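Worksheet: the structure to be examined is printed underneath.
Each reported figure results from applying straightforward, stated rules to the coordinates on display, with no laboratory input. Since the model is a prediction, treat every value here as computed from it, not as a measurement. No Cβ is skipped: glycine too gets one built from the backbone with ideal geometry, and neighbour counts run over all protein chains shown.
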Amino acid sequence: MVVSEAVGRALAQLGVRTVFGLMGSGNLSVTNALRDAGADFYAARHETAAVAMADGFARVSGELAAASVHQGPGLTNAITGLTEAAKSRTPILLLAADVAASALRSNFRVDQAGIVEGVGAVAERVHGPDTALADVARAVRRASVERRTVALMLPLDVQSMAIADGPLVLPGGPDLTPPAPPAAVVAQLAGALRRAKAPAIIAGRGAVLAGAGDDLRRLAELTGAVLATSAVANGLFAGDRYDLGISGGFASPTAARLLAEADLVLAFGATLNMWTTRHGALVAEGAKVVQVDLDEDAIGAHRPVDMGIVADAGIAAAALVEALDGTPGEELRSEALAREIAGGRWRDEPYEDAAADGTLDPRTLSIALDGMLPEERTVVVDSGHFMGWPSMYLRVPDPSGFVFAQAFQCVGLGLANAIGAAIARPDRLTVAAVGDGGVLLALGELETLGRLRLPMLVVVYNDAAYGAEVHHFRPMGMAVDLAQFPDTDFAALARAAGCEGVTARSVADLDAVRDWLGRRDGPLVLDAKVDPDICAEWLEEAFRGH
Ligand SMILES: Cc1ncc(C[n+]2csc(CCOP(=O)(O)OP(=O)(O)O)c2C)c(N)n1
Ligand SMILES: [Mg+2]
């Protein structure tokens, strides 16, 4: 056996069951070996999409996923997707062929380790036949235990070296115990919670990953707190009567008011960045802010906090529940509050449909879709002006039903994220909510969608523009024609790529989606012509915030 084959087998043995990629001479052998050892392979049409598919798959499944690329241009093409994953700390492995150390004049030669480290990923390497298995095990461990995005470099000369046949014995590492808050800190915080008149709990991805949802719901019950999440943790408190939904720019007026009335804000695994606090507006002046995070560096990173606790969000929540259990005896929150929250979702907010003839108001479109889509859904959102509509109006069943890969604020990853998500959860309907500019950046992946025949719905909020730029600069009197372009017929493009395509200019046109929902026999691309002049409030506010 040669090293590349042993690496593929070892990866499968360490739990890599799914690999996305684009084949070149340098990564064929290792990917074949991984596939032959039982992993499923899915071909993408661009390396960044391969990484974004692995990212979407990992976010939804919680499993380590891999992407496989050729050396040199294969690796550089993967960088944008890799940056988003690295910033979000999605545990994925990029298997990257690399030139031999001695191939000084190879066309493919670039400083691959320097490039990936420059965007925040971890560079690991298979150094030689003697260390190959330990190298693979270390890369896997760094990805899954440290929750890092790891690029494993596979030099061509090392790949073809012989390695002893036989059963693979892989070095491992012990399970690690996440940090718990000291008892005195728990007691102090429990006291503050007892005294608080209107506490609010904001949970982020750290709370999701720690499995803290149930304990946080219970903690809210014991303290009378309202519940909210950062955008990435959307769905964590789905179904709770005191769940305000997303905190931040996407918060409904009712949610925003209740958050801004809190006198004690507890953040669990949420960094309280400008998006989550709406540039600070959702945290009342004088409110005490407590931040629980595994990562010392995240505490106070975006705004001052009164108390920082380095701990696992789940362990901290459970410790607080234990400290407070039995205290209230009665529901601290009123029925009236529950009713106010229930009637204060975005879909209950009155608005005037402002769409010009032949276009849809994105709110009307989103509300209509929310009503017809099955509850068991995964909503995946690309970046752009449109992104608030699906986030505010499409309900999700739980946090793995929402993929919001916005750590790099990159347009064009959403379609590939959604393909990965659809593969991870075939039991749910995956809905990719994308802008026209975003799809045009990733057109090749429409072919992937058609080829794989995933029963996925792609909703294109089509305003024939880079709308975010238009809405940002037009009010300032700047020319925005460079950010506008002729209308694209996505239904026709979809059909050419082997998907079904439908154009919608009115709610009645959405009947075609309803028909498709009854079959779901392949992918459907909905080209929704939305009114280009309707601007989201959250975006106007964000621009003012800047
Ligand atoms: C890769 C990348 N290129 C450019 C941008 C700048 N940008 C931010 S939003 C946006 C518009 C995206 O257009 P579209 O997908 O149609 O969404 P819309 O804003 O029109 O709703 C652009 C170009 C970016 N964030 N990422
Ligand atoms: Mg657009």
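Amide H contacts under 5 Å for Leu429: Arg377, Thr378, restricted to partners 5 or more places along the chain or on a different chain, H placed in the peptide plane at 1.01 Å from N. Compared with the direct C-alpha span, the chain from Ser106 to Ala281 gains 57.6 nm at full extension, assuming 0.36 nm per residue.
Sorted from longest to shortest, the spans of the Cα atoms of segment 1-65 along the three principal axes equal 34, 24, 13 Å. Cβ crowding within 10 Å ranks Ser366, Ser88 as Ser88, Ser366, fewest other Cβ atoms first. Taking a quarter of the surface of the convex hull around the Cα atoms of segment 208-316, what do you get in nm²? That works out to 6.0 nm². The label-point distance for Asp175 and Arg520, in a model that sets each label 7 Å from Cα toward Cβ, rounds to 3.4 nm. The three principal axes of the Cα atoms in segment 69-219 give end-to-end lengths of 69, 36, 22 Å, sorted in falling order. Shown here: segment 249-368, whose C-alpha atoms stretch 57, 38, 26 Å along the first, second and third principal axes, sorted largest to smallest. For segment 40-55, 3J(HN,Hα) computed residue by residue from phi via the Karplus equation (6.51, -1.76, 1.60; θ = phi - 60°) reads 8, 10, 10, 7, 9, 9, 8, 5, 5, 5, 4, 5, 5, 5, 4, 4 Hz, glycine and proline entered as x.
Once phi is turned into ³J(HN,Hα) by the Karplus curve 6.51 cos²θ - 1.76 cosθ + 1.60 with θ = phi - 60°, what whole-Hz value does each residue of segment 271-285 show in order, with x for glycine and proline? So the J values, rounded to whole Hz, are 8, 6, 6, 4, 6, 5, 9, 6, 6, x, 5, 8, 10, 5, 5. Placing +1 on the Cβ of every Lys and Arg and -1 on the Cβ of every Asp and Glu, with no other charges, gives the chain a dipole of roughly 800 debye about its Cα centre.
Simple rule: put +1 on each Lys or Arg Cβ and -1 on each Asp or Glu Cβ in the chain, find the dipole, and look at Ala442, Ala207, Ala528; the Cα lying farthest toward the positive end is Ala207. For a distance above 17 Å, tell me the whole-number percent of Cα pairs in segment 152-274 that qualify. Roughly 65 percent, once rounded to a whole number.
How large is the Rg to Rh ratio of segment 1-116 when both quantities use alpha carbon positions and Rh follows Kirkwood?
0.96
Give the value in nm², to one decimal: projected area of the alpha carbon convex hull of segment 398-478, averaged over all directions. Its average projected convex-hull area is 6.4 nm².
The HN-Hα couplings worked out from phi for segment 241-253 by the Karplus form 6.51 cos²θ - 1.76 cosθ + 1.60 (θ = phi - 60°) are 5, 10, 7, 8, x, 7, 8, x, x, 8, 5, 5, x Hz, whole numbers, x standing for Gly and Pro. With neighbour counts taken as other beta-carbon atoms within 10 Å, the residues Ser334, Ser160 rank, fewest first, as Ser334, Ser160. Taking the centroid of alpha carbons for each part, segment 336-360 and segment 445-515 are 24 Å apart. Spatial offset of segment 71-102 relative to segment 145-213 amounts to 22 Å, using the alpha carbon center of each.
Geometric descriptor of the chain, per residue, is 158 Å³ (volume of the convex hull of the Cα atoms). Each 5 Å bin from zero up to the one holding the largest Cα-Cα distance in segment 418-546 carries the following percent of pairs: 2, 10, 19, 20, 17, 13, 10, 6, 2, 0.
For segment 424-546, calculate the relative contact order in percent as a whole number, restricting contacts to Cα pairs under 8 Å that are 6 or more residues apart. Computed value for segment 424-546: 31 percent relative contact order.
Projecting label points 7 angstrom from Cα along Cα→Cβ for Asp295 and Arg451 puts them 3.4 nm apart. Projecting the Cα atoms of Leu94, Ile309, Ala483 onto the charge dipole of the chain, computed from C-beta unit charges around the Cα centre, puts Leu94 farthest toward the positive end. Across the options Ala49, Leu259, Ala468, the greatest Cα extent toward the positive end of the charge dipole of the chain (unit charges at beta carbon of Lys, Arg, Asp, Glu) belongs to Ala49. Once the Cβ-Cβ distance of Glu63 and Glu340 is raised to the sixth power relative to R0 = 45 Å, the FRET efficiency obtained is 0.70. Looking at the chain alone, DSSP beta bridges between its own residues are antiparallel in about 5 percent of cases. Loop-located trypsin sites (Lys or Arg not before Pro) in segment 475-546 (DSSP state not H, G, I, E or B) with no more than 14 neighbouring Cβ atoms inside 10 Å: Arg520.
Under the convention that each Lys and Arg Cβ holds +1 and each Asp and Glu Cβ holds -1, the size of the dipole of segment 9-119 around its Cα centre is about 60 debye.
By the count of other C-beta atoms within 10 Å, a proxy for reagent exposure, Val379, Val16 are ordered fewest to most as Val16, Val379.
Entry note, the chain: the mean residue ellipticity at 222 nm calculated from DSSP H runs of n ≥ 4, each adding -39500 (n - 2.57), is -10500 deg cm²/dmol after division by the residues and rounding to the nearest 500. Taking a cut-off of 19 Å between Cα atoms, list the aspartates and glutamates near Lys197, but don't count ones fewer than 8 places away on the same chain. By straight Cα distance, Lys197 reaches Glu221, Asp243, Glu261, Asp263, Glu285, Asp306, Asp325, Glu330, Glu331, Glu335, Glu340.
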